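These notes concern the structure reproduced below.
The values are calculated or read from the model by the stated rules, or taken from the named source; none is laboratory data. Every value quoted in this text rests on a predicted model; they were computed, and no experiment measured them. With ideal geometry, Cβ positions are generated from the backbone for all residues, glycine too; neighbour counts draw on all protein chains shown. With ligands, DNA and RNA removed, areas are computed over all heavy atoms of the protein, side chains included. Shrake-Rupley method; radii C 1.70, N 1.55, O 1.52, S 1.80 Å.
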Amino acid sequence: MSVYNSLDSITDELHKCMKCGNCMAVCPIYKETRQEVGVARGKISLVEYLLAGELDMTEGLADRFSLCTTCMACNTNCPCGVRFDKIILAARAEAVRKKGLHSVKKIAFTALKMQRLFDLGMKTGSIFQGVALKHLPHKSDRIARMRFDVGIGTEKVFPMLAKKTLRSEFPEVIRVNNPKMRVAFFTGCMINYFYTDIGKAVVEVLNENDIEVVIPRGQGCCGIPASVNGDVVSARALAKRNLRAFEKLGADALVVACSSGGTAWKHVFTELLENDPEFKALADKWAAKSYDISEFLIHKVPFKKEGLGRVQRKVTYHDPCHLNRGQGISREPREILNSIPGVEVIEMKEPGRCCGMAGSFSIVHPDLSVQISDHKTADIALTHTDTVATGCPACRLQLKSGVENAGIEEEVVHTIQILAESYRAGKKANTLKKGGITPN
């Protein structure tokens, strides 16, 4: 039974928990609050009381269930193998069924389902964002802070909306000569509207490896923001729309450069659509050929190394929770980085520690999010690197905010951007050699 359908679906997970408290050692919430309700063990007890009828679902209880970044660190540290992420998602879905969705979230998730209206809103936002955002001069990023406090403070650093969305910059099919295969690219929201530089790097690298790229115009949000907040109805609608869009154009594989989006395609869609035979079959089909971009380049292609040029960077890599623990992908991005001439990879002490972003968590609990982020920023500072690479655009936002506010000169990019930079450097070096010039 899907965790999104009923609270009863996670009773087996609840029974596994022996209340040992091992989750306390790794929970980012507990480390900051030192409150039992912040840790998995405490929330499991609340769910047990709910199922036993000893507690009613109230707004206060729903708020306690929101105190989780779904980083899954407790899962990996649990000797009994409790999947707490399943428990918290079931509890949040139950909260929405019993108490309804917060009005702001309801408006946001409704807008996500109305793609044309959402696109228009984001385009309008890109034009008038200067009213609310104060642009910060930066050599490599268009970043800004809020001009006034809307409940999340004015210190948070945000990427500015791109003037043109990624999907509007490319044709639906980007062809190459003698393609090895046809690959569909799921852009997600952050890459389409904010970090178009990541999306351009994905297309560039795939084309460099003789791969035809398809970017379905009918795609939209992966639905993870809705599903993790308990809005199962919206999440299912978004899953179906994406499946229709990608099925229409077809591809040999699907790549994602966003850890949440990859989790959606590989795991969430199939669970959301468990009771819909037609779409469940589609979800299973696409889940089997969905890859994170680093996973695809290492295991499916593999990517060309002979054309790589020198990139002089000292890089530390941050493991996104939904990529590392959610999909088991940690080695692949490092393998890509280590293959690039000139790149020196220097590990943090805790590269897999949650950065505190967790989507809407950083908006609902901004102070706590920053507290969690500060540990990551301090860890980055100790590496004395000039670049942080990651595999998640949302983590990129959080990490950039952290280093900017700490006054650390650190560029924050997606791993794929450094690989694209290397291919460009290789082409430039080759051109200089042909012209009789020795590159530096």
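Of the candidates Gly218, Gly261, the single residue that is among the small types (Gly, Ala, Ser), at negative phi and touching a Phe, Trp or Tyr at 6+ places or on another chain (Cβ under 6 Å) is Gly261.
Reported count of residues in the stretch 153-165, each being touching a residue at least 40 places away in the same chain (Cβ under 8 Å) and either touching a Phe, Trp or Tyr at 6+ places or on another chain (Cβ under 9 Å) or buried (at least 23 other Cβ atoms within 10 Å of the Cβ) (or both), is 3.
Screening Glu332 against (1) at pLDDT 95 or above; (2) over 18 Å from the mean Cα position of the chain (by Cα) leaves a single unmet condition, (2). Within the stretch 207-230, the residues that satisfy the criterion of being assigned to a helix (DSSP H, G or I) and either over 16 Å from Val255 (Cα atoms) or β-branched (Val, Ile, Thr) (or both) are Ile224, Pro225, Ala226, Ser227, Val228.
The single residue among Lys123, Lys106, Lys86, Lys134 that is open to solvent by 70 Å² or more (accessible area, probe 1.4 Å) and within 20 Å of Tyr4 (Cβ to Cβ) turns out to be Lys106. For Gly38, the criteria (1) surrounded by 15 or more Cβ atoms within 10 Å (Cβ to Cβ); (2) of a type outside the set (Ser, Thr, Tyr); (3) at pLDDT 95 or above; (4) more than 20 Å from Ile224 (Cβ to Cβ) hold in every case but one, which is (3). Taking the criterion of being within 17 Å of Thr383 (Cα to Cα) and in a loop (DSSP other than H, G, I, E, B), the residues of the stretch 343-371 that qualify are Ile346, Glu347, Met348, Lys349, Glu350, Pro351, Gly352, Arg353, Cys355. For the residues Gly42, Gly81, Gly53, the requirement of being farther than 24 Å from Leu323 by Cβ and in a loop (DSSP other than H, G, I, E, B) singles out Gly53. Here the condition is being among the aliphatic types (A, V, I, L, M) and in contact with a Cys (Cβ under 9 Å, 6 or more places away or on another chain); of Val301, Val315, Val268, it holds for Val268 alone. Restricting attention to the stretch 286-329, the residues being over 22 Å from Gln398 (Cβ atoms), modelled with pLDDT of 95 or more and in contact with a helix residue (DSSP H, G or I) (Cβ under 8 Å, 6 or more places away or on another chain) number 14.
The requirement of being part of a loop (DSSP other than H, G, I, E, B), open to solvent by less than 30 Å² (accessible area, probe 1.4 Å) and modelled with pLDDT of 95 or more is fulfilled nowhere in the stretch 199-206; no residue meets it. Of everything in the stretch 373-383 that is within 23 Å of Glu335 (Cβ to Cβ) and open to solvent by 10 Å² or more (accessible area, probe 1.4 Å), the residue that is farthest from the chain's Cα centre (by Cα) is Thr383. Does Cys68 meet the test of being surrounded by 12 or more Cβ atoms within 10 Å (Cβ to Cβ) and in a loop (DSSP other than H, G, I, E, B)? Answer is yes for this residue.
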